[in-house]
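The values are calculated or read from the model by the stated rules, or taken from the named source; none is laboratory data. Keep in mind the model is a prediction, meaning the values are calculated, not measured. Ideal geometry is used to build each Cβ from the backbone, glycine not excepted, and the neighbour counts take in all protein chains shown. Ligands, DNA and RNA are stripped out before the accessible areas are found, and what is left, the full protein with its side chains, is counted by its heavy atoms. Shrake-Rupley method; radii C 1.70, N 1.55, O 1.52, S 1.80 Å.
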Amino acid sequence: KLTVKGRVEFAQILAGYDTTGAPVNADAQIGPVIVVGDWIASSLVAGAIATNGLFGDADDAAIAGGNPTIASKITSLTIGGQALGTVGGADHFGIVAQSIGIVKIGGTTMPTAVGFGNDDFFVGITSDFKINEI
């Protein structure tokens, strides 16, 4: 569980990584995440890697190994303000896991589907912030 009573900006919140930044746990899970303010140019990731270092684009994949009966998961994400990437940049940001629960941004519930690996859509006006189930 994580609660931020302000905004999140230029952050990477990575579950399934060790203290050196190496991906080690494909079965990582994150409980409810609540951000009172905005979510800007940041990623929230459970059990996933981005081979180019940018979450939220086509190369997101599960960390190797793990238990095939356990899916990486983000239980829910609630952002009180807006969610954006950056304007005009060549970067990407994402909410990435095998399963992503309810996502609410600015009071609006995003159209995530029940199941695994079936959500892949951009959020916000910058076209570089994506909800991506792998």
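Here are a few things to note about the model shown:
- Members of region 10-53 that are in contact with a strand residue (DSSP E or B) (Cβ under 6 Å, 6 or more places away or on another chain), among the polar types (S, T, N, Q) and either buried (at least 20 other Cβ atoms within 10 Å of the Cβ) or over 19 Å from Asn132 (Cβ atoms) (or both): Ser42, Ser43
- Residue selected from region 106-133 under the condition in contact with a Ser or Thr (Cβ under 8 Å, 6 or more places away or on another chain) and touching a residue at least 40 places away in the same chain (Cβ under 8 Å), by the criterion farthest from Ala26 (Cα to Cα): Thr126
- Residue check for Ser76: touching a residue at least 40 places away in the same chain (Cβ under 8 Å) and touching a strand residue (DSSP E or B) at 6+ places or on another chain (Cβ under 8 Å): yes
- Checking each residue of region 58-73 against the condition of being hydrophobic (A, V, I, L, M, F, W, C) and within 26 Å of Gly37 (Cβ to Cβ) gives no match.
- Qualifying residue in region 93-104 (condition: more than 20 Å from Asp119 (Cα to Cα), surrounded by fewer than 22 Cβ atoms within 10 Å (Cβ to Cβ) and not small (Gly, Ala, Ser)): no
- Considering only residues in region 110-128 that are part of a strand (DSSP E or B) and hydrophobic (A, V, I, L, M, F, W, C), the one that is most open to solvent (accessible area, probe 1.4 Å) turns out to be Phe122.
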